[in-house]
Amino acid sequence: MRMVFRWYGEGNDRISLRHIKQIPGVEGIVWALHDVPAGEEWPMHRIDEVKEQADRYGFNIDVVESVNVHEDIKLGLPSRDQYIENYKRTIERLAKVGVKVICYNFMPVFDWTRTELFKELEDGSTAMFYEKAIVESIDPMELVEKISGNPNLSMPGWEPERLKHLSKLFDAYKNVAEEDLWQHLQYFLEQIIPVAEQHDIKMAIHPDDPPWSIFGLPRMITNQENMRKLLSLVDSPHHGITLCSGSLGSNPDNNVVEMIYEFAERIPFAHIRNVKIYENGDFIETSHRTSDGSLDVCGIVKAYHDIGFTGYARPDHGRHVFDEECRPGYGLYDRAMGIMYLWGIWDALERAKQEDAKC
């Protein structure tokens, strides 16, 4: 397991690379050019800038999250071909600086959905919260105003240039069924994966978050069966999954541990986090500790250890602790604690393996 840490870049993240360097076992940053609109080619000089910044601290930049997919590709519009060509050029440029994995998603309109960004927990920390009743009753524009209320910290998946056309996007998706979305994804993959193979980059799709339909929009990457269908669209080891325990695990019917064992060869990137699920369908993000949420984080890490996972992993959304002012879900302190919890489990499994070998 190769530990990495999501970083939003100089001038766009209150966390510095100097601070990330002090977290034991972190060898790389997970990055993106968040100000480049979806569909545009990433400029080579900007990519080189990030590499130079990471090199100063000895970090790799092997994982990019995300090269966003333009909505015209998801909608299957004639204009998609030009956006796909731009995507190919970006893959080629990322390969030049050693990128190994590109995380992306194919969620219509919203990359992820929460109803509250700083819900207080019993211990006084805060975390991102999903309230089912609100999502089922609120106007999407109200939610947009709530989520994007802090212009100083960009929220991935809630980019202003996309959301300002929200009503038009909803109209465009009225005639797009789930099966249509599958066909549009396959078209995209058939174009992209050969380029990824040529440059030895693994494309790793992120599951839908949450893994069910919201606001009547179609969803695809939601469960084990759908993930099998996904991987069958294009038969290539460069076509894989970013297995996010929190996204998939917010549905109690999903067994994340089983998914790790089944899709072991197609998981180049793992997001590990915990959520507490309520009987009414609400959920809140918690510390990574197993007993603080509804997911078996110990079992999840053990599954990765059992399969001999050598891919990249990062602590996903953390709480906001110690009065840290930070981007929702992406503070320094709780993610650092999460890393040490994950390493603690991993190291204990390694020790047990060594002891068994002596017997």
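Check off (1) buried (at least 19 other Cβ atoms within 10 Å of the Cβ); (2) modelled with pLDDT of 95 or more for Gln224 and give me the number that stays unchecked. All conditions are met except number (1). Note on the range 275-359: enclosed strands (runs of 3 or more DSSP E) holding 2 or more residues that are surrounded by 14 or more Cβ atoms within 10 Å (Cβ to Cβ) and touching a Lys or Arg at 6+ places or on another chain (Cβ under 9 Å) are 283-285, 312-315.
Taken together, the residues in the range 15-35 that are over 18 Å from the mean Cα position of the chain (by Cα) and either among the β-branched types (Val, Ile, Thr) or assigned to a strand (DSSP E or B) (or both) amount to 4.
For Pro108, the test of being modelled with pLDDT under 95 and either within 28 Å of Glu49 (Cα to Cα) or in contact with a helix residue (DSSP H, G or I) (Cβ under 9 Å, 6 or more places away or on another chain) (or both) is passed. Considering each residue of the range 289-298 in turn, none proves to be closer than 30 Å to Phe59 by Cβ and either touching a residue at least 60 places away in the same chain (Cβ under 8 Å) or of a type in the set (Phe, Trp, Tyr) (or both).
Among the residues of the range 90-107, those that are among the charged types (D, E, K, R) and either free of Cβ contacts under 8 Å to residues at least 12 places away in the same chain or part of a helix (DSSP H, G or I) (or both) comprise Glu92, Arg93, Lys96. Is it the case, given these coordinates, that Thr115 is among the hydroxyl-bearing types (Ser, Thr, Tyr), modelled with pLDDT under 95 and touching a strand residue (DSSP E or B) at 6+ places or on another chain (Cβ under 7 Å)? So Thr115 passes the test.
Considering every residue within the range 262-270, establish whether at least one is part of a helix (DSSP H, G or I) and either modelled with pLDDT under 95 or not acidic (Asp, Glu) (or both). Within the range 262-270 (the criterion being part of a helix (DSSP H, G or I) and either modelled with pLDDT under 95 or not acidic (Asp, Glu) (or both)), the answer is yes, since at least one residue qualifies. Taking the conditions exactly as written (under 26 Å from Pro315 (Cα atoms), of a type in the set (Val, Ile, Thr) and either out of contact with any Pro (no Cβ under 7 Å at 6 or more places or on another chain) or surrounded by fewer than 18 Cβ atoms within 10 Å (Cβ to Cβ) (or both)), does Ile260 satisfy them or not? Considered against the rule, which asks whether it is under 26 Å from Pro315 (Cα atoms), of a type in the set (Val, Ile, Thr) and either out of contact with any Pro (no Cβ under 7 Å at 6 or more places or on another chain) or surrounded by fewer than 18 Cβ atoms within 10 Å (Cβ to Cβ) (or both), Ile260 comes out as yes. Looking at this structure, is Tyr83 at pLDDT 95 or above, closer than 21 Å to Leu181 by Cβ and of a type in the set (Phe, Trp, Tyr)? Considered against the rule, which asks whether it is at pLDDT 95 or above, closer than 21 Å to Leu181 by Cβ and of a type in the set (Phe, Trp, Tyr), Tyr83 comes out as yes. A single entry from Asp139, Asp72 fulfils the requirement of being under 17 Å from Lys168 (Cα atoms), of a type in the set (Asp, Glu), surrounded by fewer than 21 Cβ atoms within 10 Å (Cβ to Cβ) and modelled with pLDDT under 90: Asp139.
Are any of the residues in the range 6-14 assigned to a strand (DSSP E or B), surrounded by 15 or more Cβ atoms within 10 Å (Cβ to Cβ) and touching a residue at least 24 places away in the same chain (Cβ under 8 Å)? Checked the range 6-14: at least one residue is assigned to a strand (DSSP E or B), surrounded by 15 or more Cβ atoms within 10 Å (Cβ to Cβ) and touching a residue at least 24 places away in the same chain (Cβ under 8 Å).
Gly39 satisfies every condition listed in (1) part of a loop (DSSP other than H, G, I, E, B); (2) surrounded by fewer than 15 Cβ atoms within 10 Å (Cβ to Cβ); (3) of a type outside the set (A, V, I, L, M) except (2). For Gly58, state whether it is at positive phi and either in contact with a strand residue (DSSP E or B) (Cβ under 9 Å, 6 or more places away or on another chain) or among the small types (Gly, Ala, Ser) (or both). In short, yes.
Just one of the listed residues (Ile214, Ile205, Ile267) is more than 30 Å from Thr90 (Cα to Cα) and either surrounded by 22 or more Cβ atoms within 10 Å (Cβ to Cβ) or in contact (Cβ under 8 Å) with a residue 60 or more places away in the chain (or both), and it is Ile214. For the residues Lys302, Lys229, Lys276, the requirement of being within 21 Å of Tyr341 (Cα to Cα), out of contact with any Leu (no Cβ under 7 Å at 6 or more places or on another chain) and charged (D, E, K, R) singles out Lys276. Of all residues in the range 145-160, at least one satisfies being on the phi > 0 side of the Ramachandran plot and either modelled with pLDDT of 90 or more or surrounded by 13 or more Cβ atoms within 10 Å (Cβ to Cβ) (or both). Restricting to the range 1-50, and then to whatever is farther than 19 Å from Pro315 by Cα and among the hydrophobic types (A, V, I, L, M, F, W, C), can you tell me which residue is modelled with the lowest pLDDT? The residue in question is Ala38.
The values are calculated or read from the model by the stated rules, or taken from the named source; none is laboratory data. Note that the structure is predicted; figures quoted are calculated from it, not measured. Note that each Cβ is placed from the backbone with ideal geometry, even for glycine, and that neighbours are counted across all protein chains shown.
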